[in-house]
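The structure under discussion appears below in the form of C-alpha cells.
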Amino acid sequence: MHEAKTHFSKLAELVENGEEVIIARGATPVVRLVAIGEVQGRRQPGILSDKHRVGPDFFEPLPT
C-alpha cells in the first residue's frame, strides 16, 4: 500500500495505457485500479431548472 501511494502517478499512467493494477495490503489484494473509459456526455448545468420551481411561500420564515 505504501509503495502504491509513493508511485501513484506511475500506476495511473499504466492504467491509462490499458493495464489493470492490483494493490495489496500485505498479501491481501484490496484495490483494483482500472480506467473509467469514455465519459458518457457532458453535464448541463440548469437542465432541470424549468421543471422544478419553488413557490413564493418557500422564502417565508419558518414557524417558531
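Overview of values
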read-out: Full-extension gain in nm, Arg42 to Val30, via 0.36 nm per residue minus C-alpha separation; value: 1.2 nm
read-out: Sulfur and carbon atoms: percent of accessible area, the chain [1.4 Å]; value: 56
read-out: Trypsin sites (Lys or Arg not before Pro) within segment 9-53, DSSP loop, no more than 16 other Cβ atoms inside 10 Å; value: Arg42, Arg43, Lys51, Arg53
read-out: Label selected from (i) 27, 14, 7; (ii) 46, 20, 10; (iii) 24, 15, 10, the criterion being semi-axes √(5λ) of the Cα gyration tensor in Å as computed here; value: (ii)
read-out: Amide proton proximity set for Ala35, modelled H, under 5 Å, gap of 5+; value: none
read-out: ³J(HN,Hα) computed for each position of segment 18-35 - Karplus, 6.51 cos²θ - 1.76 cosθ + 1.60, integer Hz, glycine/proline x; value: x, 8, 10, 10, 9, 10, 10, 9, x, 9, 9, x, 10, 9, 10, 9, 9, 5
read-out: Accessible area per residue in Å² at 1.4 Å probe, computed on the chain; value: 102
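The values are calculated or read from the model by the stated rules, or taken from the named source; none is laboratory data. It should be emphasised that the depicted structure is a prediction, and the values quoted were computed from it without experimental measurement. Note that we place each Cβ from the backbone using ideal geometry, even for glycine, and neighbour counts take in every protein chain shown. Accessible surface is based on the protein model in full, side chains and every heavy atom, while ligands, DNA and RNA are left aside. Shrake-Rupley method; radii C 1.70, N 1.55, O 1.52, S 1.80 Å.
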